[in-house]
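Colleague: The following block contains the structure, expressed as structure tokens.
The values are calculated or read from the model by the stated rules, or taken from the named source; none is laboratory data. Remember, it's a predicted structure, so these values are computed and weren't measured experimentally. Backbone-built Cβ (ideal geometry, glycine too); neighbour counts: all protein chains shown. For the accessible areas, the whole protein counts, side chains as well, though only heavy atoms, and no ligand, DNA or RNA atoms are used. Shrake-Rupley method; radii C 1.70, N 1.55, O 1.52, S 1.80 Å.
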Amino acid sequence: ATVTLVFSEAVDNFSSSNITASNLGSGTPSGTLATMASDDDITWEGTFTPAADTEDANNTLSLDNSWTDTVGNAGTAETTANYEVETKAPSGSFTFSWGSTVFNYPAGSSIPALKPGDNATVTLVFSEVVTGFDSDDDITDPHVDLAEMTSSDNRTWTGSFTPDNNSQGFADRLELGTNYTDIAGNTGTAAESSL
């Protein structure tokens, strides 16, 4: 984001170091402000880069009072309006459910083995609301036929799948691609189901 700071008159002894970003819960700043520049010592601009992998709704930039005008009058402190940092990539996780008739392979394991006629329900829960997700395009589903997944809130998606006929796979997983984003535009992360 471009930060513009306009003083009431030309100033002296001012630099970007006079501005601090509020701290996140971890104690680290919510971002960094590059060196600000001005053509007239009144209007200053610089680029603010938010902290990576962060979601925080309450942040401000604060100007201290250690700067002066050109004749040495002390400046006044000022604080921006609140801004949100939303740079955390969304993620998803899979869970399955199936009827009691599904057997496990190898025997005694907890790994389900679907045979012709079996069906299962898959639920994909994202860490936040997502856009651009389409199960046909975003999920790789070896050896099964996955119906289009649906959602009422764009966060929890469900669908059913059946095994493909005349196929076999002992370590198949559903794999989520990265074509989706959160509502802020952060690119999603890949994920895969358990066996």
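Colleague: Assuming residue 143 fulfils every condition listed in (1) open to solvent by 50 Å² or more (accessible area, probe 1.4 Å); (2) within 30 Å of residue 18 (Cα to Cα); (3) of a type outside the set (Gly, Ala, Ser); (4) in contact with an Asp or Glu (Cβ under 6 Å, 6 or more places away or on another chain) apart from one, which condition is it?
Modeller: Going through (1) open to solvent by 50 Å² or more (accessible area, probe 1.4 Å); (2) within 30 Å of residue 18 (Cα to Cα); (3) of a type outside the set (Gly, Ala, Ser); (4) in contact with an Asp or Glu (Cβ under 6 Å, 6 or more places away or on another chain) one by one, residue 143 breaks only (2).
Colleague: Residues that are touching a helix residue (DSSP H, G or I) at 6+ places or on another chain (Cβ under 7 Å) and open to solvent by 30 Å² or more (accessible area, probe 1.4 Å): does the range 38-47 have at least one?
Modeller: The initial filter retains those residues of the range 38-47 that are touching a helix residue (DSSP H, G or I) at 6+ places or on another chain (Cβ under 7 Å), namely 46.
In the following step, the residues that additionally are open to solvent by 30 Å² or more (accessible area, probe 1.4 Å) were identified as none.
So far as the range 38-47 goes, no, none of its residues is touching a helix residue (DSSP H, G or I) at 6+ places or on another chain (Cβ under 7 Å) and open to solvent by 30 Å² or more (accessible area, probe 1.4 Å).
Colleague: If I ask for residues that are assigned to a loop (DSSP other than H, G, I, E, B) and within 17 Å of residue 170 (Cβ to Cβ), which ones from the range 110-127 would you list?
Modeller: Those that are assigned to a loop (DSSP other than H, G, I, E, B) and within 17 Å of residue 170 (Cβ to Cβ): 110, 111, 114, 115, 116, 118.
Colleague: Any residue at all in the range 161-182 that is touching an Asp or Glu at 6+ places or on another chain (Cβ under 8 Å), among the hydroxyl-bearing types (Ser, Thr, Tyr) and modelled with pLDDT under 95?
Modeller: yes
Colleague: Ok, one more. Right, residue 4: modelled with pLDDT of 95 or more, assigned to a loop (DSSP other than H, G, I, E, B) and exposed (fewer than 13 other Cβ atoms within 10 Å of the Cβ) or not?
Modeller: No, not satisfied.
Colleague: Then there's this: Could you give every pair whose Cβ atoms fall below 7 Å, whose first residue belongs to the range 34-48 and is among the charged types (D, E, K, R), and whose second residue is part of a strand (DSSP E or B), counting only separations of at least 6 or pairs across chains?
Modeller: Close Cβ pairs (under 7 Å, with a partner that is part of a strand (DSSP E or B)) amount to 41/11; 45/2; 45/3; 45/4; 45/37.
Colleague: Now a separate question. Being open to solvent by 30 Å² or more (accessible area, probe 1.4 Å) and of a type in the set (Gly, Ala, Ser) is the filter; apply it to the range 110-138 and report the residue that is nearest to residue 86 (Cα to Cα).
Modeller: Looking at residues that are open to solvent by 30 Å² or more (accessible area, probe 1.4 Å) and of a type in the set (Gly, Ala, Ser), I get 127.
Colleague: For the structure I just gave you, tell me whether residue 79 is at pLDDT 95 or above, closer than 30 Å to residue 18 by Cα and open to solvent by less than 40 Å² (accessible area, probe 1.4 Å).
Modeller: no
Colleague: Shifting gears a bit: Could you list all residues from the range 146-174 that are open to solvent by 50 Å² or more (accessible area, probe 1.4 Å) and either part of a strand (DSSP E or B) or among the β-branched types (Val, Ile, Thr) (or both)?
Modeller: Result: 150, 156, 158, 160, 162.
Colleague: Moving on. From the list 185, 177, which residue is under 21 Å from residue 91 (Cβ atoms), under 17 Å from the mean Cα position of the chain (by Cα) and either open to solvent by 30 Å² or more (accessible area, probe 1.4 Å) or not small (Gly, Ala, Ser) (or both)?
Modeller: Exactly one residue qualifies, and that residue is 185.
Colleague: Over 24 Å from residue 128 (Cβ atoms), under 20 Å from the mean Cα position of the chain (by Cα) and in a strand (DSSP E or B): is that true of residue 47 in this structure?
Modeller: So residue 47 does not fit the description; no.
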